[in-house]
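Engineer: I'd like to ask some things about the structure below.
Read-outs throughout are calculated quantities, based only on the coordinates presented, and are distinct from any laboratory measurement. On a predicted model such as this, the values are computed, not experimentally measured, just so you know. All Cβ positions, glycine included, derive from the backbone under ideal geometry; neighbour counts span all protein chains shown.
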Amino acid sequence: MPTAEATRVLSGRQYLDGDHACTEGALSAGCNFVAGYPITPSTEVVERFAARIPTIGGTFIQMEDEIASITAVLGATWGGAKSMTVTSGPGFSLMMENIGLGAMLETPCVIVNVQRGGPSTGLPTMVGQADVMQARWGSHGDYEIIALAPQSPQEAYYLTIEAFNLAETYRTPVMVMLDECIGHMTEKVVIPEADAIELVPRRRTDAAKGEYLPYAVGEDGIPDMAHAGEGHRYHITGLTHDERGYPVMSVDCHDQLVRRLCDKIRNNADDIVRLEEDGVEGCEVLVVCYGITSRVTRAAIEGARREGVAVGCLRMLTLWPFCETRIRELAPAVKAFVVPEINYGQVSLEVERCAGGLAPVTLVPHMGGGVHDPAVIQAAIEEAAR
Amino acid sequence: MTIRTDTTTQLEHPLAHLLRTERFPHIWCPTCGIGTVVKCFAEAIDRAEMDYDRMAIVSGIGCTGRVAGYMKLDSYHTTHGRAIPFATGLKLANRDLKVVVFSGDGDLSAIGGNHLIHAARRNMDIMVVCVNNFIYGMTGGQVAPTTPQPAITSTTPHGAFEPPFSLPHLLEACGAVYIARWTSLHVRRLTKSLTEALLKPGFSFVEAIAPCSTLYARRNRLGSGLDLMKYYHDSSEIEHGADTSDIAIDYQKNIKVGTFLDVERPTWHELSDRQHHATLGDRYYHAAQMPPADKEEASHA
Amino acid sequence: MRYWRTPLDAHQIKIPRGEIHLIIDRCKGCEFCVEYCPRGVLAMSTGFNAKGYHYPEVVTPENCVDCDLCAMICPDFAIFCLPAPEDEGEPTRKEVQHADG
């Protein structure tokens, strides 16, 4: 597996906030194109990229709006770049149509959402975790998406690299769902040497000129890519298309295409899902958490354990695809689920769905603007244990 | 009355090498002018001796948006109004590409308006061919920002009343370096303008007025596309270098055509290189590929 | 054209002759070629193609001067002009493109 280029990796012990760590992750991953639009609390990601990229090779452009940003990212990817855009809730909403285009064209790219309080303009400078469902369902139509949730600047660094790798593996846009706390929190970030960073290369076609079919697939259901300017002279469209890339307005073609777009992620969910488990086996109460809330929850879990509750922690590093298999596995064994999140119930709905009524799910909501008081989560855990 | 199902000729069309003829006959209506503009564009590609492998065509949504699907080049059929930022991404990822946006008046100046003006402002090195039929054809004939008053459209059933854009005027104000307008009747001159635009670095804009027979002509009882072509013949007036503030198209009135603007300005890449080199010197990644300082001075002059 | 005197090379001027080629299945009966042919070479036929459109036919082939306006203006890529076979000599640009294309 190829590794990162040394000139792009800021190896060493760094002291970075989540936004900046995300930029460094992108650079380490070989990202050489960012089109962005300023929006609090994500702006620092592109600011750092704009400062760093001219000396290491690549392009930053501040586009006229978020729609232009995501579209330019798609275009740049098809032109041969490794691309990323960065935004927060309002910009995320604007990007939705073209995230759908990215999914339809099967364009590998990374979209970073540094979540803030919503809805609408909400709390621009304060934390939220209320875009989780939007990440999955934001665009119209059926498609699947991969979304990652770091809980620290260190993880923001690593999961951004992971996002690029997943994007290339599955030929899909991948989201990195930071939140304002992680984005603006400064911590030690250890950046390894370039040769320790493995990068999944883009799946390029080896078809002869004139024989490339943009959406012809093998067993894994994922097509190979050709960039503009390589002489393949192919056509791709956001319309429902066949393996030639040409629009075909038929029920059969549409059925095949939509199933394939979804199945390539669904069938590989077990490979994509990343979880961190602590005391899950044999626990009474299982806390499902992600992002900044998982750090707050640590105090609550420790407190509950001191009170004698057998509480386990299932931390989601991937929000999507959802860890359905694991929840279905654990639902018969646990007494209850507790889901603390900085929203009015999003992941808790997924946990409920997968628990299938076998164990109650307690949501510990926080509308946004701050993190939970650990005592509230602890109380919910203890209540669930009774 | 004979029904012929064979083709008269065994030869392929001379421009077939640039077209996805396996998808022909194309979807455009009888007497629609888009096909003519595509013909002129294909001809221009050969006249400009473009390297086919180095070209990329990006279209938006609409009748003209289907152009990308019929051209045998790396072609991208994107979302409504967003062809220009997609093209920007392509160009920024690969400076060697010649990127052409082929889209309609509604796609480019309504939903895509913001992207149009910014790409012009940046002098992004892309060429935009705007087929202006004064209407939203694909969706059944709604009013467009270019529809002249008082044309009947499906969303202005009592007559359009909003002042339309004069696209060359808009683009000149935004900073385009090449602006031309022709009708699909002016085949040779349109081909020439397209050839010039293909070879010109920076943001070029060619407006091709074309008939929409099924909707614009029919709804306004103007006949067929052929009748609109006759109107172009009778009412167009060639004035190269005309003042773009004076060339609005009123309903069934005079159409000023010509090459209105052809100037030199540094492209986005040139400006980016220059600025970064000035600030970063040899640390700038592309410093080695930049022209030496004296040549830069000359290009300023 | 009217000249004030006969050009000295008048005997060398050869009026080109063209040969019309039709791909009638693409034709949509728009009549642009018929209308704009400067030499009146074409007229709409009474026949129908597979889609039910009338297509043009060559009525005065000897008038065609290979100006290619029909090909330039046809929106459907259904008609093109080649130099008539009896014109020997240098290949036209079109034929050169064929070889490369």
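Engineer: Evaluate the Debye formula for region A:6-196 with equal point scatterers sitting on the alpha carbons, no solvent, and hand back log10 of I(q)/I(0) at q = 0.08, 0.11 Å⁻¹, in q order, two decimals.
Structural biologist: Log10 of I(q)/I(0), two decimals: -0.21, -0.40.
Engineer: Among the lysines, which have Cα under 24 Å from the Cα of C:Lys28 when same-chain residues fewer than 8 positions away are ignored?
Structural biologist: Filter leaves B:Lys39, B:Lys72, B:Lys230, C:Lys51.
Engineer: Let me know the mean shielding of A:50-56 by other chains, meaning the per-residue number of their Cβ atoms within 10 Å of its Cβ.
Structural biologist: 3
Engineer: Let me ask something else about it. Once you have the Kirkwood Rh of the protein assembly as shown from its Cα pairs, apply Stokes-Einstein at 20 °C and 1.002 mPa s and quote D in µm²/s.
Structural biologist: 74
Engineer: Moving on to the next point. Over all residues in B:219-228, what is the mean tally of Cβ atoms on other chains that come within 10 Å of each residue's Cβ?
Structural biologist: 1
Engineer: Then there is this: Rounded to the nearest 0.05, what FRET efficiency is calculated for A:Thr125 and A:Asp206 with R0 set to 35 Å and r the Cβ-Cβ distance?
Structural biologist: Calculated transfer efficiency: 0.10.
Engineer: Determine the relative contact order of region B:16-263: mean sequence separation of Cα pairs under 8 Å and six or more apart, normalised by residue count, in whole percent.
Structural biologist: 20
Engineer: Just the number, please: Stokes-Einstein D of chain A in µm²/s, Kirkwood Rh from C-alpha pairs, 20 °C, 1.002 mPa s.
Structural biologist: For the chosen part, D equals 101 µm²/s.
Engineer: If each of A:Ser250 and A:Asp270 carries a label point 7 Å out from its Cα toward its Cβ, how far apart are those two points in nm?
Structural biologist: Between A:Ser250 and A:Asp270, the simple spin-label model gives 3.5 nm.
Engineer: Show which aspartates and glutamates lie in cross-link reach of B:Lys91 when reach means a straight Cα distance below 16 angstrom and same-chain residues fewer than eight apart are skipped.
Structural biologist: Those aspartates and glutamates meeting the cut-off are A:Glu230, B:Asp51, B:Asp53, B:Asp74, B:Asp125, B:Glu270, B:Asp273.
Engineer: I need the peptides A:172-182, B:167-177 ranked by packing, meaning the mean over residues of other C-beta atoms within 10 angstrom, with the highest value on top.
Structural biologist: The packing order, highest mean first, is A:172-182, B:167-177.
Engineer: Which one of B:Phe260, B:Phe86, B:Phe24 has the biggest mean-square fluctuation once chain B is modelled by GNM with Cα springs under 10 Å?
Structural biologist: Maximum among the listed residues: B:Phe24.
Engineer: Please arrange A:Arg244, A:Arg259 by counting, for each residue, the other beta carbons lying within 10 Å of its beta carbon, fewest first.
Structural biologist: Going from sparsest to densest Cβ surroundings: A:Arg259, A:Arg244.
Engineer: In percent, how large is the relative contact order of region B:208-275, given Cα pairs closer than 8 Å and 6 or more residues apart?
Structural biologist: Relative contact order, region B:208-275: 22 percent.
Engineer: Another question, if that's okay. Rounded to two decimals, what is the ratio between the C-alpha radius of gyration of region A:107-236 and 2.2 N^0.38 Å?
Structural biologist: 1.29
Engineer: What number, in nm² with one decimal, is the all-direction average of the projected area of the convex hull of the alpha-carbon atoms of region A:275-385?
Structural biologist: Its average projected convex-hull area is 5.8 nm².
Engineer: So, counting K/R as plus one and D/E as minus one, what does the shell of residues with Cβ under 12 Å around B:Met124 add up to?
Structural biologist: Spelling it out: positives minus negatives among the neighbours equals +2.
Engineer: Need one value for B:266-274: mean number of C-beta atoms belonging to other chains within 10 Å of its residues' C-beta atoms.
Structural biologist: Mean shielding count: 1.
Engineer: Among B:28-35, A:96-103, how do they line up from the highest to the lowest mean number of other beta-carbon atoms within 10 Å?
Structural biologist: B:28-35, A:96-103
Engineer: Could the peptides B:52-64, B:265-277 be put in order, highest first, of the mean number of other beta-carbon atoms found within 10 Å of their residues?
Structural biologist: Highest mean packing first, the order is B:52-64, B:265-277.
Engineer: By the scheme Lys and Arg +1, Asp and Glu -1, what is the net charge of all other residues having a beta-carbon under 12 Å from that of A:Leu213?
Structural biologist: -3
Engineer: Now a separate question. With the dipole of chain B worked out from charges on the C-beta (+1 for Lys and Arg, -1 for Asp and Glu) around the Cα centre, which of B:Ala56, B:Leu215, B:Leu97 lies farthest toward the positive end?
Structural biologist: Of the listed residues, the answer is B:Leu215.
Engineer: Further question on the same structure: Quickly estimate the mean residue ellipticity at 222 nm for chain A, helices only: each DSSP H run with n ≥ 4 gives -39500 (n - 2.57), and the total goes over all residues, rounded to 500.
Structural biologist: Roughly -11500 deg cm²/dmol at 222 nm, from the helical runs in chain A.
Engineer: Grab the eigenvalues of the alpha-carbon gyration tensor for region C:27-80, scale each by 5, take roots, and send me the semi-axes largest first in whole angstrom.
Structural biologist: That gives 18, 12, 8 Å for the three semi-axes.
Engineer: Let me know the charge dipole size of the protein assembly as shown about its Cα centre in debye, to the nearest 20, where only the beta-carbon of Lys, Arg (+1) and Asp, Glu (-1) is charged.
Structural biologist: 1260
Engineer: Can you list residues whose amide H is under 5 Å from A:Gly370's amide H, if they're 5+ apart or on another chain and H is modeled 1.01 Å from N?
Structural biologist: Under 5 Å from the amide H of A:Gly370 lie the amide H atoms of A:Val127, each far enough along the sequence or on another chain.
Engineer: Related question: Can you sort A:Leu148, A:Leu358, B:Leu19 so the residue with the fewest Cβ neighbours within 10 Å comes first?
Structural biologist: Arranged by neighbour count, lowest to highest, A:Leu148, A:Leu358, B:Leu19 become A:Leu358, B:Leu19, A:Leu148.
Engineer: Below 10 angstrom from the Cβ of A:Phe322, what's the summed charge of the other residues (Lys, Arg +1; Asp, Glu -1)?
Structural biologist: The answer is +1.
Engineer: So, one more: From the Cα trace of chain B, what convex hull volume per residue do you get, rounded to a whole Å³?
Structural biologist: Dividing the Cα hull volume of chain B by its residue count gives 144 Å³.
Engineer: Now for a separate question. Counting other beta carbons within 10 Å of each Cβ, put B:Leu261, B:Leu199, A:Leu166 in order, fewest first.
Structural biologist: Result, fewest neighbours first: B:Leu199, B:Leu261, A:Leu166.
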